[in-house]
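> Have a look at this one.
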Amino acid sequence: MTTPLEQARGGRVALAVFAALRAEREPFSIEGWISLALAAVDAYASHHQDPPFQAQAERNMADALSTLGETATDVLHYMDGKAKAADLYNEAVRIAATGIWETVPFAAEKADEEANAASLLAALSLACSAMWDDTHSVEMLDGVYQRFTTEAEETRLVFARRVRRLVEADDRARLTSRQLT
């Protein structure tokens, strides 16, 4: 199982590649956005020592599409605490559903990390729907957001259990010290 730290690192790698390529050349078509997203997926796959996206797609399209979804989920893990996942999701859905990228700041305006994250999520969802005929881009984003919220909640529960155990251990230690005195 991948740890939250590994997920966030993978998301950071994908987002950094996407932002760097976007700064070099702002896409002007959906195909351009998808191209940037697939470069980010390749960086993500390389980070996890997996084959590039194209090689995965040639071998097994389901695995390749799974990597798209994992990349998107891990971008949300990386951005967790920097931006509300719901806001990133909603902006990505708006972009993917309408195809209107104009409100996303251009690289020349030093697009911030949140804008790049929402753009990457939208581009990943469009790539998914372009390659998998029966998947709508918003459906992919729904699945990613649901997986992220489930994983984030599980992580928070593990942390909460650890904190509770420490508090209970402190209580037992205090009780034991009182009994000894």
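The values are calculated or read from the model by the stated rules, or taken from the named source; none is laboratory data. The structure displayed is predicted, hence computed values, not measured ones. Reconstructed Cβ throughout: ideal geometry from the backbone, glycine too, with neighbour counts over all protein chains shown. What goes into the accessible areas is simple: the full protein's heavy atoms, side chains included, and nothing from ligands, DNA or RNA. Shrake-Rupley method; radii C 1.70, N 1.55, O 1.52, S 1.80 Å.
> Scan the range 164-181 and tell me whether some residue there is aliphatic (A, V, I, L, M), on the phi < 0 side of the Ramachandran plot and at pLDDT 90 or above.
no
> Among the residues that make up the range 61-79, is at least one of them crowded, with 23+ Cβ neighbours inside 10 Å, among the charged types (D, E, K, R), more than 17 Å from Gly143 (Cα to Cα) and touching a residue at least 24 places away in the same chain (Cβ under 8 Å)?
No - not one qualifying residue is present in the range 61-79.
> Sticking with this one: Mind checking which pairs have a first residue in the range 1-29 that is in contact (Cβ under 8 Å) with a residue 12 or more places away in the chain and a second that is among the hydrophobic types (A, V, I, L, M, F, W, C) and open to solvent by 80 Å² or more (accessible area, probe 1.4 Å), Cβ under 7 Å, 6 or more apart or different chains?
Glu26/Phe106
> State which residue is most open to solvent (accessible area, probe 1.4 Å) when the search covers only the range 1-59 and only residues that are outside any helix (DSSP H, G or I) and over 29 Å from Glu153 (Cα atoms).
The selected residue is Phe28.
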